[in-house]
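Read through the structure below, which is laid out as structure tokens, and then see the notes.
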Amino acid sequence: METVAADNEEAVEAWSGVLFDRWAKHRDVLAVSIRPFSDAAYGLCRPQPGERVLDVGCGLGETTLALAEMVGPDGEVVGIDAGERFVDAAAEEAAANGIENVRYVTGDVQVADLGSGYDLAFSRFGTMFFASPVAALRNVRSSLRPGGRLCMVVWRSKLANEWLHRGELVVDQYLERPEETDEPTCGPGPFSMANADTTSDIVTAAGFTDIALHRCDIDYLMGDDLDKAIEVVMAIGPAGELIRLAGDEAEKIRPKLEAELSDAYADLVRDDGVWAHASTWIVTAANPG
Ligand SMILES: C[S@@+](CC[C@H](N)C(=O)[O-])C[C@H]1O[C@@H](n2cnc3c(N)ncnc32)[C@H](O)[C@@H]1O
């Protein structure tokens, strides 16, 4: 069986390399910033003691461990991620903490054998990077028991997340988007499920029923101070991607970009950090069997 779909190879290369490095480096901020979204999602899908859960695109495994606590010793959570380094780091952390009801698997969700009989497939920002989302979600559905549920958190549009778009607009003034680059890109990208109609069509085509998109907006912590927030903006997200793809051209003007971005985000600084308004869909659905 294929381990990575040909059309996902580039994204998997990105997630296994440079994007892993960046997520690991900024984990201190990211884990805190995005946690309210998964907390809201747990409230909607209500993982129960004894359930078996698949954590799709589990990354460093924060949601995997939270779900493991909810399903308890009689349940099990399997975290799957295409990035081997994410899986290794997550598995090491679970082992170091003596967590026994989790397991981690390396695989491309679009083609991997995911197993079967899960009660819940959960994902926090792990389903927007598949080249063929219908095929991937169909694969996820086939791993669920009849009546099993899907719960995934995905970004709403760039415009609904003006704080993310703002950085990209600043960087866009100084850098050309290269037509060709050796740098791998992350696939369809963080906003690929932002359109409610498209996403509900994808989920429907994957065979799910009872589809609902719940809008979830939060106050989002970009960093404890402006320097940290700008460091993350320049590493991850639309501005970070533009800088990464521009390579040397961006490096030559890094101090200028830092200064311009700091000005652009100054109004979001509060005494307790840099806070933005962030917006997602939490998509819930069921496997009819
Ligand atoms: C934005 S990160 C989110 C990580 C994690 N769910 C969290 O909330 O911290 C996206 C994750 O999806 C994974 N991913 C991307 N494409 C994938 C694929 N085709 N199959 C499995 N995982 C994939 C990446 O390796 C990455 O860990």
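We did not get these values from a lab; they are worked out from the coordinates using the rules stated. Keep in mind it's a predicted model, so treat the numbers as computed, not measured. Glycine gets a Cβ as well: all are built from the backbone with ideal geometry, and neighbour counts include every protein chain shown.
If the chain linking ASP88 and ASP272 were pulled fully straight, counting 0.36 nm for each residue of separation and taking away their Cα-Cα distance, it would gain 62.9 nm.
The protection proxy used here, the mean number of other Cβ atoms lying within 10 Å of each residue, ranks peptides 194-200, 127-133, 247-253, 9-15 as follows, highest first: 127-133, 9-15, 194-200, 247-253. With neighbours defined as other Cβ atoms within 10 Å of a residue's Cβ, the residues LEU60, LEU169 order from fewest to most as LEU169, LEU60.
A Förster radius of 30 Å, combined with the Cβ-Cβ distance separating ASP263 from HIS214, puts the computed FRET efficiency at roughly 0.25.
Cross-link reach is defined here as a Cα-Cα straight distance under 18 Å, omitting same-chain residues fewer than 8 places apart; for LYS256 the lysines meeting it are LYS228.
Per-residue Cβ neighbour counts within 10 Å put THR280, THR204 in the sequence THR204, THR280, beginning with the fewest. Restricted to Cα atoms, the stretch 132-287 shows a radius of gyration and a Dmax of 18.3, 55 angstrom.
Could you compute the FRET efficiency for VAL105 and TYR174, with r as their C-beta to C-beta distance and R0 at 35 Å, rounded to 0.05? That pair, VAL105 with TYR174, gives E of 0.25. Unpaired cysteine residues in the chain (no second Cys Cβ under 4.7 Å): CYS58, CYS186, CYS216.
Over 28 Å apart: what share of the alpha carbon pairs of the stretch 33-182 falls there, rounded to a whole percent? Don't skip to the answer; put the middle values down first.
On the way: 2828 of 11175 pairs.
That fraction is 25 percent.
Magnitude of the charge dipole for the chain, about its Cα centre and with charges confined to Cβ atoms of Lys, Arg (+1) and Asp, Glu (-1), is about 1000 debye.
Using the Cβ atoms and a cut-off under 13 Å, what net charge is assigned to the surroundings of ALA160, where Lys and Arg are +1 and Asp and Glu are -1? Summing Lys/Arg as +1 and Asp/Glu as -1 gives +2. Computed from Cα atoms, the angle from the helix 62-71 axis to the main principal axis of the chain rounds to 30 degrees. Projecting the Cα atoms of PHE122, GLY273, VAL109 onto the charge dipole of the chain (Cβ charges, centred on the Cα centre) puts PHE122 farthest toward the positive pole. Between 0 and 90 degrees, the angle of helix 133-142 with respect to the longest Cα principal axis of the chain falls at about 30 degrees. The charge dipole of the stretch 179-289, taken about its Cα centre with unit charges on the Cβ atoms of Lys, Arg (+1), Asp and Glu (-1) only, comes to about 380 debye. Modelled this way, with points 7 Å down the Cα-to-C-beta line, the labels at ALA6 and LEU44 are 3.6 nm from one another.
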